[in-house]
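The values are calculated or read from the model by the stated rules, or taken from the named source; none is laboratory data. It should be emphasised that the depicted structure is a prediction, and the values quoted were computed from it without experimental measurement. In this analysis, Cβ positions are derived from the backbone assuming ideal geometry, glycine residues included, and neighbour counts consider all displayed protein chains. Side chains are part of the model used for accessible areas, which takes the heavy atoms of the whole protein and leaves out ligands, DNA and RNA. Shrake-Rupley method; radii C 1.70, N 1.55, O 1.52, S 1.80 Å.
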Amino acid sequence: MKKSTGFLIGIGAGLAAGAAAGMMAPNSSRQSMKTQVGQGIHKLGVAVDQAVDNITSEMR
């Protein structure tokens with residue numbers, strides 16, 4: 001129970017720090033941050049898709 005509580009506190013602190021940094025950033029910086037996050041999510045999705053394709057082709 002103690003480990004999960006510490007984990008949740010850490011997640012909450014990280015979210016709060018990210019929100020504070022996002023609010024303090026100028027609008028142009030926020031837009032580029034959103035673009036970078038979007039590109040990162042897209043790259044992650046492509047990597048997962050390729051990994052699944054490789055796994056399924058190896059199973060055949």
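With r defined as the distance between the Cβ atoms of ASP53 and MET33 and R0 fixed at 35 Å, what FRET efficiency is calculated, to the nearest 0.05?
On the way: r = 31 Å, r/R0 = 0.87.
In this case the efficiency is close to 0.70.
Restricting to DSSP H runs of at least four residues, report the calculated mean residue ellipticity at 222 nm for the chain, -39500 (n - 2.57) per run over all residues, nearest 500 deg cm²/dmol. Walk me through the intermediate numbers first.
Working: 2 runs with 56 residues, N = 60.
After summing the helix terms and dividing by residue count, I get -33500 deg cm²/dmol.
Taking the Cα centre of the chain as the origin and placing charges on Cβ (Lys, Arg +1; Asp, Glu -1), which of LEU44, GLY14, ILE55 is farthest toward the positive end of the dipole?
GLY14
On the first, second and third principal axes, largest extent first, how far apart are the outermost C-alpha atoms of the chain in Å?
Principal axes ranked by extent give 51, 41, 5 Å for the Cα atoms.
Solvent-accessible area per residue for the chain at a 1.4 Å probe radius, Å²?
On the way: 5320 Å² over 60 residues.
Normalised by residue count, the accessible surface of the chain is 89 Å².
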